[in-house]
Structure formats: C-alpha cells, structure tokens
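Written out below as structure tokens is the structure these notes cover.
The values are calculated or read from the model by the stated rules, or taken from the named source; none is laboratory data. Just so you know, these numbers come straight off a predicted model, no measurement behind them. Cβ placement follows ideal geometry from the backbone for every residue including glycine, while neighbour counts extend to all protein chains displayed. Keep in mind that these areas ignore ligands, DNA and RNA; they rest on the heavy atoms of the full protein, side chains included. Shrake-Rupley method; radii C 1.70, N 1.55, O 1.52, S 1.80 Å.
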Amino acid sequence: MQLMKVLIISDIHANLTALEAVLEQAADEYQAVWCLGDLVGYGPDPNECVELIRSLPNLVCLIGNHDQAALGKIPLERFNQDARDAASWTKSELSGTSEAYLLSLPSRVSFDDFTLAHGSPRQPVWEYILDPATAEMNFLAFETPYCLVGHSHLPLVFRRPPENGQTELKAVRWDEPLQLRPRMILNPGSVGQPRDMDPRAAYAMLDTEGLTWYPQRVDYDVPAVQRRMMEAGLPERQALRLMSGW
Ligand code: ZN
C-alpha cells in the first residue's frame with residue numbers, strides 16, 4: 001500500500017451538517033477515505049450524504065445495517081420502533097442512484113495491514129464489539145494486524161498482544177495520536193449520531209506510514225439538523241439525542 005493519511009469515518013446516518021464539519025476540519029490532511037458503513041438511517045439527508053461520500057478521494061466504503069434496512073434487504077422487525085420509522089422514511093427518500101451505490105458496497109474488506117467491517121469481522125453487519133470478551137473472540141476472525149469497525153457509535157480501541165496476552169480496552173485520548181501495535185480493533189466513533197455523551201462528530205485520522213491513529217472531534221450545528229429532522233417527520237427522540245450525544 002502507498003503510504004498515506006486516511007480519514008476514517010463511520011455511522012454518518014444521513015447527517016450532512018456533521019459530515020461537512022468533519023470534512024472541513026480534516027481538510028487537505030488526507031489522501032484517502034475509509035467509510036465503515038451506515039451512511040443513512042436516522043438523519044434527514046440520505047441522498048446528500050451518499051453523494052458527498054461517493055465523491056471523496058480513494059474511497060473504500062462498506063455497507064452497514066441501516067443501509068441494508070433502507071434498501072429493504074433486512075426485515076425491519078430487527079430494529080426498534082424509531083429506527084424502523086427512520087428506515088422506512090429513508091427507503092422512501094432514497095434516489096435510484098443512491099440505492100444502486102449502497103447496493104454495490106461490501107460488508108467486509110481486507111487489504112495490506114487492515115480489515116474493515118461495519119460491526120465486527122465475525123458478523124460484519126450486526127455484531128457490536130463493546131467489551132474485551134467480544135473483542136477477544138473477534139481477534140480470531142481476521143488475519144491482519146488491525147481491524148477497523150463502527151456500528152456501536154462509541155470510540156473504542158481494543159488491543160491483544162501478538163504473544164496471546166489478554167485483550168484489553170485502551171482509553172481513547174482526544175487530540176493525541178495513538179501508536180498502533182499489533183493487534184488492535186479500532187472504532188472511530190460516529191460522525192452523525194455519537195453515543196458517548198459527547199455531541200461532537202467523531203472521526204479518526206490514520207497514518208499508515210507512522211502507524212498512528214488520531215481520534216478527533218468537531219462541533220457542528222446540531223439545531224439545524226434537528227430542524228430538518230422535524231420537518232421531515234422523523235422521530236423526535238432521534239433528534240433530541242443529538243444534543244447530548246446518547
Ligand atoms: Zn450506526
């Protein structure tokens with residue numbers, strides 16, 4: 001692989017304002033973008049987000065469970081009521097072009113030192129990796145030194161030393177680069193719907209040359225997104241949660 005800086009984004013959830021804030025803050029610092037899925041679902045701007053993400057340079061993009069739901073690929077009964085309502089709204093809004101693009105996306109890819117999956121390498125679309133025990137089992141499900149995941153909307157880093165030491169959860173420090181060491185599972189958090197009680201959009205900058213992971217946050221205009229959600233008739237609770245990041 002060419003040595004480069006990669007912008008890592010996940011769980012955009014049709015929040016164009018948050019995505020634009022991330023791209024503006026990361027401006028010119030990256031040569032490639034890896035997007036870990038859930039481009040749509042919950043938010044008011046599904047087509048705009050798909051279009052903008054597609055235009056990003058050297059893009060690798062995965063499909064997430066909400067993208068599959070919006071395509072009618074999975075039964076909506078697997079979602080709670082709000083997610084279900086948001087998914088049907090998204091389904092009715094998606095343009096043919098957005099649909100075709102989402103349909104073309106893989107659920108897991110591996111290249112060079114990295115495996116990418118929306119949820120987990122073991123169950124790429126559905127499983128959440130939230131604790132060291134689940135991470136431990138997932139270390140057996142990929143071969144590369146590093147695996148990047150999204151889905152939980154929580155910025156998390158798990159490490160398992162190659163000599164088969166214990167899997168541990170590493171604390172994420174904002175604005176401080178983390179040195180990558182084999183082997184790790186890393187989650188950048190969510191651009192469009194953070195759930196770690198911090199409403200700012202979350203993403204990471206990966207340096208594949210220096211092997212560093214740089215977790216970042218950026219403020220965006222939450223009330224503007226909430227207004228568009230209400231105008232679209234999306235669930236109020238989903239708009240409210242953006243304010244405090246839960
Ligand atoms: Zn998501």
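Brief remarks follow.
- Count - residues of segment 90-127 that are among the charged types (D, E, K, R) and either open to solvent by less than 70 Å² (accessible area, probe 1.4 Å) or within 19 Å of the chain's Cα centre (by Cα) (or both): 5
- The set of residues in segment 25-39 being away from the ligand (no atom under 16 Å from the Cβ) and either of a type in the set (A, V, I, L, M) or on the phi < 0 side of the Ramachandran plot (or both) consists of Gln25, Ala26, Ala27, Glu29, Tyr30, Gln31, Ala32, Val33.
- Residue count, segment 177-206 (criterion: buried (at least 18 other Cβ atoms within 10 Å of the Cβ) and within 24 Å of Pro145 (Cβ to Cβ)): 14
- Subset of segment 162-176 (residues that are over 27 Å from Glu143 (Cβ atoms) and either touching a residue at least 60 places away in the same chain (Cβ under 8 Å) or charged (D, E, K, R) (or both)): Arg173, Asp175, Glu176
- Any hit, segment 154-168, residues being hydrophobic (A, V, I, L, M, F, W, C) and within 16 Å of the ligand (Cβ to nearest atom): yes
- Residue match in segment 217-234 (condition: under 16 Å from Trp174 (Cα atoms) and crowded, with 16+ Cβ neighbours inside 10 Å): yes
- The residues listed here are Val22, Val50; of these, the one that is closer than 19 Å to Gly189 by Cβ, outside any loop (DSSP other than H, G, I, E, B) and either under 18 Å from the mean Cα position of the chain (by Cα) or at pLDDT below 95 (or both) is Val22.
- Filter result for Ala69 (part of a helix (DSSP H, G or I), within 22 Å of Leu154 (Cα to Cα) and in contact (Cβ under 8 Å) with a residue 60 or more places away in the chain): no
- Residues of segment 25-47 satisfying the condition of being buried (at least 18 other Cβ atoms within 10 Å of the Cβ), of a type in the set (Gly, Ala, Ser) and assigned to a loop (DSSP other than H, G, I, E, B): Ala26, Gly37, Gly41, Gly43
- Matching residues, segment 1-24, being closer than 20 Å to Asp219 by Cα, open to solvent by 10 Å² or more (accessible area, probe 1.4 Å) and either within 15 Å of the ligand (Cβ to nearest atom) or not acidic (Asp, Glu) (or both): Leu16, Thr17, Ala21, Leu23
- All positions within segment 130-159 that are assigned to a loop (DSSP other than H, G, I, E, B) and among the charged types (D, E, K, R): Asp131, Glu143
- Of all residues making up segment 160-208, the number that are in a loop (DSSP other than H, G, I, E, B) and out of contact with any His (no Cβ under 8 Å at 6 or more places or on another chain): 24
- Qualifying residue in segment 128-148 (condition: of a type in the set (Gly, Ala, Ser), within 16 Å of the ligand (Cβ to nearest atom) and open to solvent by less than 20 Å² (accessible area, probe 1.4 Å)): no
- Residue within segment 84-92 that is at pLDDT 95 or above, of a type in the set (Val, Ile, Thr) and farther than 17 Å from His118 by Cβ present: no
- Some residue of segment 48-68 being among the charged types (D, E, K, R), open to solvent by less than 30 Å² (accessible area, probe 1.4 Å) and out of contact with any helix residue (DSSP H, G or I) (no Cβ under 8 Å at 6 or more places or on another chain): no
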